[in-house]
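Take this structure first; my questions come after.
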Amino acid sequence: MPLPSASLLRRKRLILPLLAAAGILVFFLARPRQAVPPPQAQPVRTAEVALMDFPLYFYGLGTVTPENTVLVKSRVDGELIAIHFTEGQDVAAGDLLAEIDPRPFEVRLKETEGALARDAALLRDARLDLERYRGLIRKEAVSAQQLQAQESLVGQYEGAVRMDEAAIADARLQLEYSRITAPVSGRLGLRQADLGSMIRASDATGLVVITQIRPMHVIFSLVEKQVPEVLRAMRTGPLPVEAWDQDNKQLLASGTLLTLDNRIDSATGTVKAKAVFDNAGEQLFPNQFVNVRLLTATLAGTPAVPSAAVQRNNDGFFVYVVQPDNTVRVRPVRTGRASASHTVIAEGLAPGEIVVSAGLDRLRDGSAVTAH
């Protein structure tokens, strides 16, 4: 049998690897292909574009200020012999708070009354003598000089009587001041003097502080550019003002805007505003810091979405609008006024459309979503 030639052997060595490679290729091509899973839908929270009555608020930080705060002080010097109040008590104007020892003032009153009685008697005698001198002058029994001297003496006694009457009024006033009364209605603070201590009118600490709790004022600031809108709104009537706690979670009291300051602070670009609250629930406390909401108007039936749904990029504001196939599309919008919870949509959305309000971090245009 003839042996294969060398060229035939070389061809077999080339063909065998090619056949093996072809077999491997056919094997892999024949295997069933695994399906590529579709992109996983992102869980989001959605909200409908709704027509709502949108309140237009201006916000500020305010300080609670009493209508009246009075340091009660004695107007006379003396020993404190009686205290008729307790700390934290509510008092009315005119209520007796304390008493200073009245005896020195009673003595002074008696002295001045005695001086008045003496000078009044001297005045009566001088007037009788004056009438007698006027009768005698016609008979030339006394000289004109004697008559003039008696007239001068009557004038002196009249002046003395008027001084005595003024001294009596002053002594009675000092005696009245020994009874310390409340000048205004309000709530008492902590007592600053002890029973038996010497009280002086010059004392800086006084006896007690009265703070008027009802009504209560709140002083807050408005930005300069907000002033024209507030002034226009004030012409339509009193503007509602709300006082909220520092966390903006609890409404403390509702009141009305009382007035604006008459000038803008050029250093801060703000103007001070004052609101009044009846404080019936006594939720406002003097010098307390509160968050203020000033309502200037209400937009009726305006499209709005949750503020969290509105995003911003280099081109402006946009929202993710949910499509019928549960994908989202980026929609540019023009926004209006915003509150802590909602934002007015001036242009770009129609009522009834659905937007993504939470879970926006990994969304892109065309992303699949599932609402929950």
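What length, rounded to one decimal in nm, is gained on full extension from ASN314 through to ALA368, with 0.36 nm per residue of separation minus their alpha-carbon distance?
17.1 nm
Can you give me the long-range amide H partners of VAL209? Hydrogens built in the peptide plane at 1.01 Å from N, cutoff under 5 Å, separation of 5 or more residues or another chain.
Hits under the 5 Å cutoff: VAL72, GLY189, LEU190.
Another question, then. Which aspartates and glutamates does LYS249 reach when only Cα atoms under 20 Å apart count, and residues fewer than 8 places away in its own chain are ignored?
GLU282
Under a crude label model (7 Å from the Cα following the beta-carbon direction), how far is LYS249 from ALA204 in nanometres?
4.2 nm
How far is it, in nm, from the label point at THR298 to the one at ILE137 when both lie 7 Å from their Cα along the line to the Cβ?
Once both label points are built, they end up 8.7 nm from each other.
Which of (1) 30.9; (2) 21.8; (3) 21.0 is the computed Kirkwood radius over Cα pairs in Å for the structure on display?
Here the calculated entry is (1).
Do the sum for the chain: with -39,500 (n - 2.57) for every DSSP H run of n ≥ 4, divided by all residues, what is the mean residue ellipticity at 222 nm, to the nearest 500 deg cm²/dmol?
Roughly -10000 deg cm²/dmol at 222 nm, from the helical runs in the chain.
From the mean inverse distance of alpha carbon pairs (Kirkwood) and the Cα radius of gyration, derive Rg over Rh for segment 102-177.
Taking Rh as the inverse mean 1/r over Cα pairs, Rg/Rh reads 1.23.
Something else: Give the cross-link partners of LYS110 among the lysines, using a straight C-alpha distance below 28 Å as the criterion and excluding same-chain residues fewer than 8 apart.
LYS73
Skipping prolines and chain starts, which residues have an amide H placed within reach, meaning under 5 Å, of the one on VAL184, given they are 5 or more residues away or on another chain?
For VAL184, whose amide H was placed from the backbone, the distant partners under 5 Å are GLY94.
Something else now. What order do you get for MET234, MET52, MET216 when you list them from fewest to most C-beta neighbours inside 10 Å?
MET234, MET52, MET216
Hey, what do the phi angles of segment 61-67 turn into as Karplus ³J(HN,Hα) couplings, whole Hz, using 6.51/-1.76/1.60 and θ = phi - 60°, x for Gly and Pro?
9, x, 10, 6, 10, x, 5
How would ARG329, ARG214 line up from fewest to most surrounding beta-carbon atoms within 10 angstrom? Show your work: numbers first, answer last.
Details: ARG329 13, ARG214 17.
Ranking ARG329, ARG214 by Cβ neighbours within 10 Å, fewest first, gives ARG329, ARG214.
Still on this structure, please answer the following. Can you list the residues of segment 53-81 with backbone N under 16 Å from a point 7 Å past the Cα of GLN89, pointing along Cα to Cβ?
Under 16 Å, as judged by backbone N against the label point of GLN89, lie 72-73, 81 of segment 53-81.
Give the residues of segment 259-283 whose amide nitrogen is closer than 18 Å to a point set 7 Å from the Cα of ILE219 in the direction of its Cβ.
259-277
List every residue whose amide H lies under 5 Å from the amide H of ILE345, counting only residues 5 or more places away in sequence or on a different chain, with H placed 1.01 Å from N in the peptide plane.
Those lying under 5 Å, H to H, from ILE345 are ALA304, VAL305, GLY336.
What distance in nm lies between label points placed 7 Å from Cα along the C-beta direction at ASN68 and GLU165?
According to this spin-label approximation, the distance is 3.2 nm.
Averaging sequence separations of C-alpha pairs under 8 Å and six or more residues apart, then dividing by the length of segment 102-177, give the relative contact order as a whole percent.
RCO, segment 102-177: 53 percent.
Does anything in segment 73-92 have its amide N under 14 Å from the 7 Å Cα→Cβ label point of LEU190, and if so which residues?
87-88
Let me ask you something else. Taking θ as phi - 60°, what are the ³J(HN,Hα) couplings along segment 257-272 by the Karplus curve (6.51, -1.76, 1.60), each to the nearest whole Hz, with x for Gly and Pro?
3J(HN,Hα) across segment 257-272, in whole Hz: 6, 8, 6, 10, 5, 8, 7, 9, 6, 5, 6, 10, x, 10, 10, 7.
For the Cα atoms of the chain, what angle does the longest principal axis make with the long axis of helix 144-177, in degrees from 0 to 90, nearest 10?
Once rounded, one gets 40 degrees.
Oh, and also: On a straight-distance basis, which lysines could pair with LYS225 in a cross-link, Cα separation under 23 angstrom, same-chain partners fewer than 8 positions away excluded?
Within reach: LYS272, LYS274.
Give the relative contact order (percent, whole number) for the chain; include only Cα pairs under 8 Å separated by 6+ residues.
27 percent
Placing unit charges on C-beta atoms (Lys and Arg positive, Asp and Glu negative, everything else neutral), compute the dipole magnitude of the chain about its Cα centre in debye, rounded to 20. Provide the component values of the computation, followed by the final result.
Details: 41 positive and 41 negative charges, 718 e Å.
Dipole size: approximately 3440 debye.
How big is the charge dipole of segment 85-217 about its Cα centre, in debye rounded to the nearest 20, if each Lys and Arg gets +1 on its Cβ and each Asp and Glu gets -1 on its Cβ?
Values: 17 positive and 21 negative charges, 61 e Å.
With Lys and Arg at +1 and Asp and Glu at -1, about 300 debye.
For the chain, build the charge dipole from Cβ charges (+1 Lys, Arg; -1 Asp, Glu) around the Cα centre, then report which of ALA280, TYR320, ILE210 sits farthest towards its positive end.
Checked the options; the winner is TYR320.
For the chain, set up a Gaussian network in which alpha carbons nearer than 10 Å are linked by springs, and say which option among SER307, SER143, SER74 fluctuates the most.
Comparing SER307, SER143, SER74 in the GNM, the peak value goes to SER143.
Where does helix 103-138 land angle-wise versus the long Cα axis of the chain, in degrees 0 to 90, nearest 10?
40 degrees
In the chain, what percentage of the DSSP-assigned beta bridges are antiparallel, given to the nearest 5?
Values: 77 of 80 bridges.
So the antiparallel bridges in the chain amount to around 95 percent.
Per residue of segment 92-98, what does 6.51 cos²θ - 1.76 cosθ + 1.60 with θ = phi - 60° give for ³J(HN,Hα)? Whole Hz please, x for Gly and Pro, Karplus curve as stated.
With the stated coefficients, segment 92-98 comes to 9, 4, x, 5, 6, 9, 7 Hz.
Give, as a single signed number, the net charge of other residues whose beta carbon lies under 10 Å from the beta carbon of ALA253, with Lys and Arg counted +1 and Asp and Glu -1.
My count for the surroundings of ALA253 gives -3.
Rank these for me by crowding, VAL328, VAL223, going from fewest to most other beta carbons within 10 Å.
Fewest to most other Cβ atoms nearby, the residues stand as VAL223, VAL328.
Values quoted throughout were computed directly from the atomic coordinates according to the rules given, and no laboratory measurement underlies them. Remember, it's a predicted structure, so these values are computed and weren't measured experimentally. Here the Cβ is made from the backbone with ideal geometry for all residues, glycine too, and neighbour counts use every protein chain on show.
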